[in-house]
Each structure stands twice: as C-alpha cells, then as structure tokens.
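A short write-up of the structure that comes next.
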Amino acid sequence: MTSTILLTGATGYIGSHTWLALLAAGFRVVGVDNLSNSSPEVLNRLGRLSGVTPIFERADVCDAAAMSTVFGRHRPDAVVHFAAFKAVGESTAKPLDYYRNNLGGLINTCETMRAQGCRRMVFSSSATVYGVPEHLPLTEGAALAAVNPYGATKLMGETILRDLGASDHAWQTATLRYFNPVGAHPSGLIGEDPRGTPNNLMPYVAQVAVGRRARLQVFGNDYPTPDGTGVRDYIHVMDLADGHVAALNFLLAQPESITVNLGTGCGYSVLALVKAYENASGREVPYDIVSRRPGDVASCYADPALAKEKLNWQAQFDLQRMCEDSWRWQHMNPEGFATPA
Ligand code: NAD
Ligand code: WQD
C-alpha cells in the first residue's frame with residue numbers, strides 16, 4: 001500500500017527537492033508550510049515537474065489546532081520535519097524566535113503525531129551539532145556542542161527525539177545531520193532562493209556570477225587549510241533528497257531509529273568552490289579577502305560510512321555538478337521564484 005508522508009517546511013529549499021524525490025519513489029506526499037521563508041510559486045513548479053497537483057496545506061507547525069486538522073485529514077504514515085528557521089547570525093540576535101519556532105514547532109508536531117498514532121519522524125539536523133570539530137572526518141560518535149542558538153535548537157531537537165524514543169519504543173526517528181547543502185534540481189525550475197542577502201557561500205557566489213551582487217567577501221585566508229580558506233563538505237541537494245527517501249524506507253522496513261551524517265566525505269575550500277563556479281558559469285566571480293567570520297571553523301567534513309552501511313545511501317554528485325545545477329537555476333531565475341515566467 002502507498003505510504004503517505006507529511007513534509008513540514010515542504011516549500012523550502014530542501015523540502016521542495018525532497019518532495020519530488022518522494023513522489024518519484026512512489027510515496028503520496030502532503031506538504032505543510034506557513035510560507036514564512038518560501039514562495040507559493042514553488043507549488044506551481046512542483047506541479048510542472050511532477051505532472052500532478054501538489055497536496056499542500058498552509059499551516060504553522062506551532063499551531064496545534066491547525067496541525068491536528070491537517071493530520072486528521074491526511075493520516076500520514078511518517079513525517080519529515082524540515083520546518084525551522086535556519087540563519088545562524090539571526091539566531092544570535094533573536095534567540096527566543098528560534099527556540100519558539102524550532103523547538104515549539106518540533107514539540108507540537110510530535111504531540112500531534114502521538115495523538116494521531118503516527119510515530120515515525122525524519123528530523124533535519126545539521127553538522128552544526130558537532131560544534132568545533134576535534135577530529136576529521138566527523139563520525140556520528142563525535143562530541144556534540146551548540147555554538148549558537150540555531151545550533152542549540154538542533155542539538156535540543158535531537159535530544160527531544162532521543163528522550164521520546166526512550167519513553168516509548170513505538171517511536172522511530174531518523175536524525176539526519178546535513179553538511180552543506182547546495183545545488184538545485186537539474187531542470188533549473190526549483191532551487192535555493194534566499195530572502196535578502198544570502199548567508200551561505202554558494203547562493204552568494206551565484207548572485208555575484210549572475211550580476212546581482214558585485215563581489216564576494218571571502219571570510220579569512222589564514223586558516224590551517226591548503227589555501228587558507230575554510231573547508232566544507234558541500235552536498236548536492238538532489239543527493240540529500242535521496243537520503244530522505246532512504247531514511248524513510250529504513251523506518252518503514254524495521255522498528256529502529258538512526259542518527260546519520262549526510263555528506264560526501266570530501267572537503268572543498270572557499271576558493272576551490274569559487275573556481276568551480278567560474279568554470280560552471282563561464283562568469284567571473286570577483287572577491288576580496290576580509291577578516292574571519294566569528295564562529296566559523298577552519299574545516300568540517302563528514303565520514304559518510306554509516307549512511308552507506310545502514311541506509312545504502314551515498315552521494316553521487318561532485319562539486320562541479322553542484323555548481324552547474326546551481327548556475328542553471330540562478331541563470332534561469334535571476335530573481336529566484338519572483339522572476340516573471
Ligand atoms: P528553508 O528556509 O528553505 O525551508 C524551511 C521551510 O520551513 C520554509 O519554507 C519555511 O517557510 C518553513 N517554516 C519555518 N517555520 C515554519 C513554521 N513555524 N510552520 C510552518 N513552516 C515553517 O530551509 P532549508 O534549507 O530547506 O532547511 C530545511 C531544514 O534543514 C531546516 O530544519 C534547517 O534547519 C535544516 N538544515 C538546513 C541546512 C542548510 O544549509 N540549508 C543545513 C543543515 C540543516
Ligand atoms: C561556508 C564557507 C565561510 C559566505 C552554515 C551553518 C550550518 C549549516 C550550513 C544549517 C565558510 C565561507 C561564506 C561568504 C565566505 N546550516 N563564506 N563568504 O558556515 O559551513 O554552515 O550553513 O544547519 O549550521 O553554520 O556555511 O555557506 O555560510 O560558509 O567566505 O559570503 O564559506 O567562512 O568557510 P557554514 P556557509
């Protein structure tokens with residue numbers, strides 16, 4: 001029988017790509033979002049790409065009555081909980097907003113699930129839970145630390161799900177620690193569309209390449225890395241989406257919970273990414289070296305072996321492909337989802 005999967009934060013960057021991957025894998029998908037950080041145009045694009053009208057409920061995951069109605073209407077077999085605020089800098093300025101939305105939303109979603117007898121959740125965690133890495137590559141057993149309020153919401157979210165599972169073994173959770181998601185669907189119809197100034201490297205580089213911004217600021221070139229700039233594990237959002245399909249298949253197949261890294265295992269520097277983007281786009285990406293960004297670590301990359309072993313999942317796409325797909329999206333949609341059709 002077809003399983004129904006409810007996605008919270010479904011019209012966001014990772015949610016929209018996962019939505020398509022789940023449809024392609026034969027699931028029935030119900031999307032929920034309050035559109036606080038995404039555009040309704042995503043739904044039109046998803047309809048074009050999938051050939052079916054997306055099942056969408058506009059609701060806030062913190063709203064108990066609304067979530068209860070949505071669950072009662074669609075009776076999901078599992079939930080993928082993407083809905084959260086995600087800007088690290090903003091979280092230090094507005095910690096209460098982050099705790100309320102990210103933790104209030106998670107708790108309310110879990111309470112709604114419990115009331116409706118649904119106890120399978122895939123949770124969007126982040127490599128940020130590793131704080132300042134002591135050893136690389138990062139395995140799931142590495143020390144955990146929150147270094148900003150956003151990171152604290154992810155670490156606390158993991159703790160909530162762990163305690164819930166310990167209290168009632170009917171709960172099954174897959175905690176997925178994403179490294180640095182980038183890229184876009186190869187159609188160029190959906191992709192990352194940050195509001196205001198991008199906080200993350202690739203969307204910033206994309207906007208420089210397309211001419212929306214003049215120059216990139218490279219935050220430090222005096223790190224202990226091969227070229228002095230920060231090294232990260234960039235992962236194609238299409239691979240990440242497939243990781244969610246694998247995690248759901250895992251939860252639906254056996255009564256277990258799991259916590260895994262979703263990364264490639266490869267680290268690339270800021271300047272390596274800039275070079276790859278220039279190659280992919282044929283555009284120059286001028287940059288200035290400026291001082292380090294507070295809170296940044298020198299290097300961060302995953303050991304992805306556990307995901308391979310447990311989920312039979314591994315990333316397929318390399319940095320060049322991530323840049324090519326990002327560029328296709330950016331070039332076709334210079335103003336993101338606000339670009340006139
Ligand atoms: P995104 O902002 O594009 O998507 C999140 C979606 O959640 C948005 O569409 C937003 O409107 C929605 N949302 C927020 N609060 C909500 C609420 N109270 N009720 C209903 N909807 C709400 O972000 P994303 O990059 O797709 O991230 C998805 C998840 O993955 C988040 O939990 C994020 O913390 C996590 N994550 C993201 C990254 C990254 O770099 N993109 C890395 C690690 C983890
Ligand atoms: C990557 C590299 C910067 C922008 C963040 C969150 C993390 C996770 C993913 C959600 C670093 C450098 C960046 C710029 C630059 N999100 N950089 N100029 O910091 O690894 O991770 O997003 O969970 O929690 O912290 O990603 O893309 O911001 O930075 O030089 O304009 O690019 O210093 O070395 P980061 P990023």
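The values are calculated or read from the model by the stated rules, or taken from the named source; none is laboratory data. Worth saying up front: this structure is predicted, and the values here are computed from it rather than measured. Cβ atoms come from the backbone with ideal geometry, glycine included; neighbour counts cover every protein chain shown. Accessible surface is based on the protein model in full, side chains and every heavy atom, while ligands, DNA and RNA are left aside. Shrake-Rupley method; radii C 1.70, N 1.55, O 1.52, S 1.80 Å.
Within region 78-94, residues that are within 18 Å of T11 (Cα to Cα) sit with their Cβ atoms under 6 Å from residues that are open to solvent by less than 70 Å² (accessible area, probe 1.4 Å) and among the aromatic types (F, W, Y), at 6+ positions apart or across chains, in these pairs: H81/F123; F85/Y98. Taken over region 278-301, the criterion of being closer than 21 Å to A184 by Cα and within 16 Å of ligand 1 (Cβ to nearest atom) is satisfied by Y301 alone. Can you confirm whether L161 is within 30 Å of P255 (Cα to Cα) and among the aliphatic types (A, V, I, L, M)? Judged against the criteria, L161 is a match.
The set of residues from region 281-315 being crowded, with 19+ Cβ neighbours inside 10 Å and over 22 Å from T225 (Cβ atoms) comprises S281, A307, L311, W313. Taking region 271-300 as the range and being near ligand 2 (Cβ under 10 Å from one of its atoms) and touching an Asp or Glu at 6+ places or on another chain (Cβ under 8 Å) as the test, the residues that pass are L271, R292, C300. Of the helices (runs of 4 or more DSSP H) lying entirely inside region 23-128, none contains at least 3 residues that are open to solvent by less than 30 Å² (accessible area, probe 1.4 Å), within 16 Å of ligand 2 (Cβ to nearest atom) and closer than 30 Å to S187 by Cα.
Select from region 1-22 the residues that are away from ligand 2 (no atom under 16 Å from the Cβ), in contact (Cβ under 8 Å) with a residue 60 or more places away in the chain and either more than 19 Å from the chain's Cα centre (by Cα) or open to solvent by 10 Å² or more (accessible area, probe 1.4 Å) (or both) and list them in ascending order. Matches in region 1-22: S3, T4, L20, A21. For region 168-203, residues that are open to solvent by 40 Å² or more (accessible area, probe 1.4 Å) and farther than 26 Å from L49 by Cβ total 6.
Of all the listed residues (P194, P198, P203, P181), the sole one being in contact with a Leu (Cβ under 7 Å, 6 or more places away or on another chain) and under 24 Å from S38 (Cβ atoms) is P181.
Could you run through region 294-341 and say how many residues are part of a loop (DSSP other than H, G, I, E, B) and on the phi < 0 side of the Ramachandran plot? The number of residues fulfilling the criteria is 19. Give the number of residues within region 81-109 that are touching a helix residue (DSSP H, G or I) at 6+ places or on another chain (Cβ under 6 Å), within 12 Å of ligand 1 (Cβ to nearest atom) and not aromatic (F, W, Y). Qualifying residue count, region 81-109: 9. So which of Y223, Y234 ends up being within 19 Å of K275 (Cα to Cα), over 12 Å from the mean Cα position of the chain (by Cα) and within 16 Å of ligand 2 (Cβ to nearest atom)? Every option except Y223 fails the conditions. Suppose the filter is free of Cβ contacts under 8 Å to residues at least 40 places away in the same chain and closer than 30 Å to V147 by Cβ; does D33 pass it? So D33 fails the test.
Of the residues in region 129-158, how many are open to solvent by less than 10 Å² (accessible area, probe 1.4 Å) and within 12 Å of ligand 1 (Cβ to nearest atom)? Looking only at that region, the number is 5.
Inside region 324-341, can you point out the residues that are away from ligand 1 (no atom under 16 Å from the Cβ) and open to solvent by less than 50 Å² (accessible area, probe 1.4 Å)? If the condition is that a residue be away from ligand 1 (no atom under 16 Å from the Cβ) and open to solvent by less than 50 Å² (accessible area, probe 1.4 Å), then W327, P334, T339 are the ones that fit.
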